[in-house]
Amino acid sequence: MRESWAVVTGASSGIGKEYARVLAKTGIHCVLVARREEQLKGLAAELSRDHGINCVIIVKDLSDRSSAQEIYAECSRLGLHVDYLINNAGAGVFEYFNQADLGSIEKMLELNVMAPTILTKLFLQDMIPRGRGYVQFVASIASYLPTPLYAGYGASKAYDRHFATSLNYELRGTGVHCSVINPGFTATEFFEAAGQKNSWSQRLQMMSAKRCAEIAFWSLKKNKASVMAGPLNWFTAHVLCRITPVRLQAWLLQDDLVRSNKIERKR
Ligand SMILES: NC(=O)c1ccc[n+]([C@@H]2O[C@H](COP(=O)([O-])OP(=O)(O)OC[C@H]3O[C@@H](n4cnc5c(N)ncnc54)[C@H](OP(=O)(O)O)[C@@H]3O)[C@@H](O)[C@H]2O)c1
């Protein structure tokens, strides 16, 4: 039987790192992508030692428009049969939109929107003729809510969720599955990277990255179009968000972030 490979973006920490562990446990070889080489090397050594799989490390900044093409080219050059594409890498710009740096917003949109879109387009051209493949997007519960102070981030995650859900249907009958996982608050480096302190209510809702990755992989194999990570997040997205006015949601979310981070609006 030929060997199966997975490309996992954002594998140097958090959900992506745990996702790579879940894949490796099932005997899938991993292409680990992120900017921090040391973290990727450490994970590759661990996965090879503990699960006997092979790993390839690709150090890339996915906010560079050419990076997706370069990753695909490297996998093709190495002759890897990529059956799994896990579009996990992502980041948020935490600031009032009018005060945020435009360059940071552009980079975030490249990372959260363009990189997964281009990677999917490229890898599908091999998966569809083979009649086999799995593509997963990591969106967010933020894609269901107004996200003041994370306006561009929430919107980028709504793109990911809509895009993946549509592809799930478009791809039916091809043997290729596309799915989206929507994590809620998850204990990772995400908040530190965004420069945001967690409020007590966020800490109360935190899920582990391992649990999130396990739910994600399960939902991908089951060909679920869109899945919430856990019942609490499901309840928030599908019940609370429907019964409370959007203005109230926005106020509560912004107030919580402003209070816990003492963030100021400049005039
Ligand atoms: N944590 C949460 O509460 C939460 C909730 C909902 C959705 N999510 C989503 O979950 C996904 C994973 O995030 P996480 O929570 O696991 O956060 P994390 O621990 O900060 O991991 C983010 C990963 O993305 C990589 N990354 C960031 N910028 C990159 C860039 N420009 N180029 C290449 N790789 C980059 C990081 O690696 P390097 O820094 O080494 O490049 C890291 O491996 C993201 O898409 C995020 O939006 C997270």
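Results, tabulated for the structure shown:
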| item | result |
| --- | --- |
| Pairwise centroid distance, computed over Cα atoms, of the range 38-81 with the range 206-250, Å | 28 Å |
| Computed lengthening from Ser48 to Arg2, 0.36 nm per intervening residue step minus Cα-Cα distance | 14.7 nm |
| Hits among aspartates and glutamates - C-alpha to C-alpha of Lys224 under 16 Å, sequence gap 8 or more where chains match | Asp160, Glu170, Glu214 |
| Contour minus Cα-Cα distance for Tyr169 and Cys241 (0.36 nm per residue) | 23.4 nm |
| Rough spin-label spacing in nm, given labels placed 7 Å along Cα→Cβ, for Asn223 and Thr26 | 1.5 nm |
| Mean ellipticity per residue at 222 nm, deg cm²/dmol - from DSSP H runs of n ≥ 4 across the chain, formula -39500 (n - 2.57) | -14500 deg cm²/dmol |
| In order through the range 183-197: 3J(HN,Hα) via Karplus (6.51 cos²θ - 1.76 cosθ + 1.60), integer Hz, x for Gly, Pro | x, x, 4, 10, 6, 9, 7, 3, 6, 4, 4, 7, x, 10, 7 |
| Whole-Hz couplings from phi, Karplus 6.51/-1.76/1.60, listed for the range 45-50; x for Gly and Pro | 5, 4, 5, 5, 5, 7 |
| Highest average packing first - 101-107, 24-30, 155-161, Cβ atoms within 10 Å | 155-161, 24-30, 101-107 |
| Label-point gap, in nm, between Arg130 and His162 - each point 7 angstrom along Cα→Cβ | 3.1 nm |
| Alpha-carbon gyration tensor eigenvalues x 5, square-rooted, for the chain, Å | 31, 20, 18 |
| Integer Hz, Karplus 6.51/-1.76/1.60 couplings in order for the range 118-124, x for Gly and Pro | 5, 4, 5, 4, 6, 6, 4 |
| Over 30 Å (Cα to Cα) - which of Lys25/Lys197; Lys60/Lys266; Lys197/Lys266; Lys197/Lys222; Lys121/Lys266 fall in this group | Lys25/Lys197; Lys60/Lys266; Lys197/Lys222; Lys121/Lys266 |
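Read the figures in this text as sums done on the coordinates, not as results from a lab. As the structure is a prediction and not an experimental result, all values here were calculated from the model. Ideal geometry is used to build each Cβ from the backbone, glycine not excepted, and the neighbour counts take in all protein chains shown.
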